[in-house]
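Worksheet: one structure, shown below.
The values are calculated or read from the model by the stated rules, or taken from the named source; none is laboratory data. It should be emphasised that the depicted structure is a prediction, and the values quoted were computed from it without experimental measurement. In this analysis, Cβ positions are derived from the backbone assuming ideal geometry, glycine residues included, and neighbour counts consider all displayed protein chains. With ligands, DNA and RNA removed, areas are computed over all heavy atoms of the protein, side chains included. Shrake-Rupley method; radii C 1.70, N 1.55, O 1.52, S 1.80 Å.
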Amino acid sequence: MAATDRRRPYLRIAEDIRRDIASGRYAVGEQLPVARELSEQYGVAMMTIGNALAVLRDEGLIETRQGSGSFVTRTPDDNEAAPTSGEHSEEFRIISEQLREIRQHMQKLTVRLDELDARTRPDQVEK
């Protein structure tokens, strides 16, 4: 039996994209594939892709422009672009914590949705 990656799908996808940015596959300023393409490529729900992109946005590696897609803003080793925690107001920190909690709930729901999707897809073979 082969070892399996126990990380959540969105974390594996975020790591893949992060590695692609670090290797230069996606250069700073370049657009990432659209969410639908990534969803098909990885065989996951759109929400899972959204969570993966949210991780990369939180890290400051990409920015998403409404109607235009996600673009690389820096590489993982470019520490100059990463804001330090001391640069933000108390209100920003409170809102950030609330968003983190909401993301955690969304991630749990995404996992449940992915599990349900995997069980109900007729093209999936039980292993």
(message) Of all residues being touching a Ser or Thr at 6+ places or on another chain (Cβ under 8 Å), among the polar types (S, T, N, Q) and in a helix (DSSP H, G or I) in the range 10-60, which is surrounded by the most Cβ atoms within 10 Å (Cβ to Cβ)? Just the residue, please.
(response) THR48
(message) Can you list residue pairs whose Cβ atoms sit under 9 Å apart, with the first residue in the range 29-42 being touching a residue at least 24 places away in the same chain (Cβ under 8 Å) and more than 8 Å from GLY69 (Cβ to Cβ) and the second being of a type in the set (D, E, K, R) and not in a loop (DSSP other than H, G, I, E, B)? Count only pairs 6 or more apart in sequence or on different chains.
(response) TYR42/ARG12; TYR42/ASP16
(request) Quick one: in the range 93-127, of everything that is open to solvent by 70 Å² or more (accessible area, probe 1.4 Å), charged (D, E, K, R) and closer than 14 Å to ASN51 by Cα, which residue is modelled with the lowest pLDDT? (result) ARG100
(message) Considering only residues that are under 13 Å from the mean Cα position of the chain (by Cα), over 17 Å from VAL111 (Cβ atoms) and at pLDDT 95 or above, which ones fall in the range 34-55?
(response) LEU38
(request) Tell me which of these ARG7 doesn't satisfy, since it passes every other one: (1) more than 21 Å from LEU113 (Cα to Cα); (2) surrounded by fewer than 14 Cβ atoms within 10 Å (Cβ to Cβ). (result) (1)
